[in-house]
Amino acid sequence: MQLTEELEALRASVRDFAREVVAPVIAGHYEQHTFPYEIVRQMGKMGLFGLPFPEEYGGMGGDYLALGVALEELARVDSSVAITLEAAVSLGAMPIYRYGTAEQKQRWLPALVSGEALAGFGLTEPGFGSDAGGTQTRAVLDGDEWVINGSKAFITNSGTDITSLVTVTALTGPDEISAIVVPSGTPGFEVGPGYSKVGWCASDTHPLHLDDVRVPAANLLGQRGRGFAQFLHTLDEGRIAIAALATGLAQGCVDESVAYAKERRAFGRAIGDFQAISFKLADMRTRAHTARLAWHDAAARLVAGQDFKQYAAMAKLHASEIAVTNAREATQIHGGYGFMNEYPVARFWRDAKVLEIGEGTSEIQRMVIARDMGL
Amino acid sequence: MNIVVLVKQVPDSGAERELRSDDQTIDRSSANNVLNEMDEYAVEEALKLQEALGGEVTVLTMGPEQAGEAIRKALQMGPDKAVHVLDGALHGSCAVATSKVLAAALRTLNPDLVLAGAESTDGRVQVMPHMIAERLGIAALTGARKLTVDGGTLTVERQTEEGYEVVTAATPAIVSVWDTINEPRYPSLKGIMAAKKKPVQTLSLADLGISPDEVGFAGSTSTVVESTKRPPRQAGTKVTDSGDGGVQLVEFLATERFV
């Protein structure tokens, strides 16, 4: 599948940005576990946070193909920056855009679409991940306010200086899950300390605690009781974005390893001259290519308004698993240097694993795919 | 303010560049061709002025058909339109002949301000702004690291090796910029989509009233007769310290005129 000339131009623009702006400083942020505000500001300036949103909210008028292209190019260089964009768009702003009232959209979207603000998506809880229907957080209507109590875990973009809100899912009745917008700084809404993560070390991830948090009844996002269906759809779309991100990481492993294999010498020749290495590289490139085809196809189906859920699941499953494989091979090709944090492939190796877990584990993807075959 | 930005397509300075063996001009098929890096700073400066003062930004280039790619890249950043001087007879034009063509094209556009990169990464002669200023009878403020506009007065901080000079001129004038002046924007998807619809006017030599023998190989004041490939990098000098290491280092630095 060939991308349009415009999407190729977008790819070139984001590639330049990733190489010139992200690459020189990201290892420092990763090492120090600091959030790259300056990079995010510049990503906002070039419209990346607005890619799949219409111009009336300040968006770029693109779609998930455009978002995927940008994520892939960012993740070729660094996944922390890519996941920050992915979560901000797919999980943060998209539910507001899809399910928000005109008023909610006017209030929240422009700052999210321009990247001046970030939103989080509070679904996962300490005791409920894949089994997301088991949500324990509760919201009770008291007059014209929701009173929310509960805890959320692993919430991306929830604790930055520019986080404006987190959409949390909560039980609003027996077997009734709804989504409610909780603005940052609401009393009782406590953002816990950032996690010490194996990878994605320059992205922002926190546990959240809600202790008698009161927000206006009008902060209900979408229909009451439709929270579960809404986030399933949100996650289906997000899987395409994660597949694109994983493809970028897999391609980054190819880029770095090919360059290294041409330069590094052993036994009197470049290690790329040995088939043990060149065949690895051929396989790595093939994996990245097939992952790209899979996410392109899933995104094209979404954009065309066709059934895409099962294709998004296949793309996410495949891309995340080959990302882990490519990262393992890339570090092997780099030998001892591959185990040093200063080498991009070491970051890739640390960043790859979570791709098989976040936004639906590989097991959940297999369930979705199997169900689609009537199993 | 009516601003025209001069842009040029050049071979990527990061790739191996070659001259054609038949006529010693740049081999545009052997390298990736890109928008000259310094020109992106000129485009950015024009867009910043437009955001502050309004008006129109036009991109002007002279070059073969494929220079249209550089125009498109520049338009993706935000200028309103472009003019492409395209004529087979231009092949082989030297800087003097090129300045004649660009000056003629600029007369048709009647700008208040012409912006250009301080140099191109291929020719690197840095004289185009001066030559154009001479032909148009306007001021040339070159090598700017800062530009401010106050009504019809331009003030430039002109970067020098020791520091900077402050120079002013009345519009119309031409200003060339270094990469210290701003941070060029990266094209957004909206900019990329919009660039497709922007008008690109093509002008021939006949349109500009220039005869083919005034430009190209026929009308150029200089021609590349032959060229030699850059010699491969030499191995460095290794200073072994047997008591006189410091002296050897200073001697090396003095010989190379670093001190």
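The values are calculated or read from the model by the stated rules, or taken from the named source; none is laboratory data. Please read all numbers here as calculations on a predicted model, not as lab measurements. A quick note on method: Cβ atoms are made from the backbone with ideal geometry, for glycine too, and the neighbour counts reach across all protein chains shown.
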Counting residues that are at positive phi, which helices (runs of 4 or more DSSP H) fully inside the stretch B:176-259 reach at least 1?
-> B:216-219
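Could you please let me know if residue B:204 is in contact with a helix residue (DSSP H, G or I) (Cβ under 8 Å, 6 or more places away or on another chain), at pLDDT 95 or above and surrounded by 11 or more Cβ atoms within 10 Å (Cβ to Cβ)?
Answer is no for this residue.
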Which of the residues that make up the stretch A:183-231 are over 18 Å from the mean Cα position of the chain (by Cα), hydrophobic (A, V, I, L, M, F, W, C) and farther than 14 Å from residue A:151 by Cβ?
-> A:215, A:217, A:218, A:220, A:221, A:228, A:229
Sort through A:21, A:25 and tell me the only one that's assigned to a helix (DSSP H, G or I), β-branched (Val, Ile, Thr), over 28 Å from residue A:236 (Cα atoms) and within 11 Å of chain B (Cβ to nearest Cβ).
-> A:21
Restricting attention to the stretch A:248-268, does a residue exist that is of a type in the set (Ser, Thr, Tyr), surrounded by fewer than 21 Cβ atoms within 10 Å (Cβ to Cβ) and farther than 27 Å from residue A:365 by Cβ?
-> no
Search the stretch B:171-193 for residues being touching a Gly at 6+ places or on another chain (Cβ under 8 Å) and within 12 Å of chain A (Cβ to nearest Cβ), and hand back the single one that is farthest from residue A:11 (Cα to Cα).
-> B:185
Selection within the stretch B:194-222 - more than 14 Å from chain A (Cβ to nearest Cβ) and under 16 Å from residue B:57 (Cβ atoms) | B:199, B:200, B:201
Within the stretch A:28-73, considering residues that are away from chain B (no Cβ under 13 Å) and charged (D, E, K, R), the one surrounded by the most Cβ atoms within 10 Å (Cβ to Cβ) | A:72
Among the candidates A:127, A:143, A:134, residue that is modelled with pLDDT of 95 or more and either under 19 Å from residue A:95 (Cβ atoms) or not assigned by TED's automatic domain parsing to the domain that holds residue A:49 (or both) | A:143
If residue A:359 passes every condition in (1) crowded, with 18+ Cβ neighbours inside 10 Å; (2) more than 19 Å from the chain's Cα centre (by Cα); (3) modelled with pLDDT under 95 but one, which one does it miss?
-> (2)
Of the residues A:171, A:109, which is aliphatic (A, V, I, L, M) and assigned to a strand (DSSP E or B)?
-> A:171
Which of the strands (runs of 3 or more DSSP E) contained wholly in the stretch B:57-170 include at least 1 residues that are hydroxyl-bearing (Ser, Thr, Tyr) and farther than 26 Å from residue A:13 by Cα?
-> B:139-150, B:153-159, B:164-170
The condition of being more than 14 Å from every other protein chain (Cβ to nearest Cβ), under 30 Å from residue A:44 (Cα atoms), without any contact (Cβ under 8 Å) to a residue 40 or more places away in the chain and β-branched (Val, Ile, Thr) holds, among B:148, B:168, only for B:148
If a residue has to be over 19 Å from residue A:93 (Cβ atoms) and touching a Phe, Trp or Tyr at 6+ places or on another chain (Cβ under 7 Å) to count, how many in the stretch A:215-257 make the cut?
-> 6
Every pair of residues 6+ apart whose Cβ atoms lie under 6 Å, when the first sits in the stretch B:1-27 and is surrounded by 14 or more Cβ atoms within 10 Å (Cβ to Cβ) and of a type in the set (Phe, Trp, Tyr) while the second is modelled with pLDDT under 85 and not in a strand (DSSP E or B) | none
Residue that is surrounded by the most Cβ atoms within 10 Å (Cβ to Cβ), among those in the stretch A:215-232 that are at pLDDT 95 or above and part of a helix (DSSP H, G or I) | A:219
